[in-house]
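Working notes, beginning with the structure itself.
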């Protein structure tokens, strides 16, 4: 069996949100989850995200330690709703519960067309909440792996 290393998602294609992520944590692929790190999902303006990033960089320059966290910030609630649809959240839940060995198996579990499931998985990969592992055995298959076991949504009032 040959495993091709995962490519980092090209987050520049994504519109309507910003992603700040640090160094990845070692993989625990045997259980289908790459990390136990919670990914925080927020609704913030671009200005607020850039301000927080500048503050963090200033703290680093002063020698302060910044705790690692992954955060996906959306511009507004509507963008968040378009990104994390009920069907996409169902995919994440099924991956966590059943650890499917391929996209085809996942599509069967959720009773959806494999092409639509593939499109949703690629979008979730771009968000950074899962990765797609290419495995070459008798024939190539792509195994979805969660990058987290928890998404924490934070909406400021």
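Rule-based calculations on the coordinates, nothing more; no lab input. Here the structure is a predicted model, which is why all the values come from computation and not from measurement. Positions of Cβ are backbone-derived with ideal geometry, glycine not excepted, and every protein chain shown enters the neighbour counts.
Brief remarks follow.
- A simple spin-label model places the labels of residue 61 and residue 89 4.1 nm from each other, with each point 7 Å out along Cα-to-Cβ.
- Label-point separation, residue 122 to residue 54 (7 Å along Cα→Cβ), nm: 3.7
- Translational diffusion of the stretch 62-157, µm² s⁻¹ [Kirkwood Rh, Cα pairs; Stokes-Einstein; 20 °C; 1.002 mPa s]: 144
- Using a Förster distance of 35 Å, the FRET efficiency for residue 115-residue 152 (Cβ separation, nearest 0.05): 0.70
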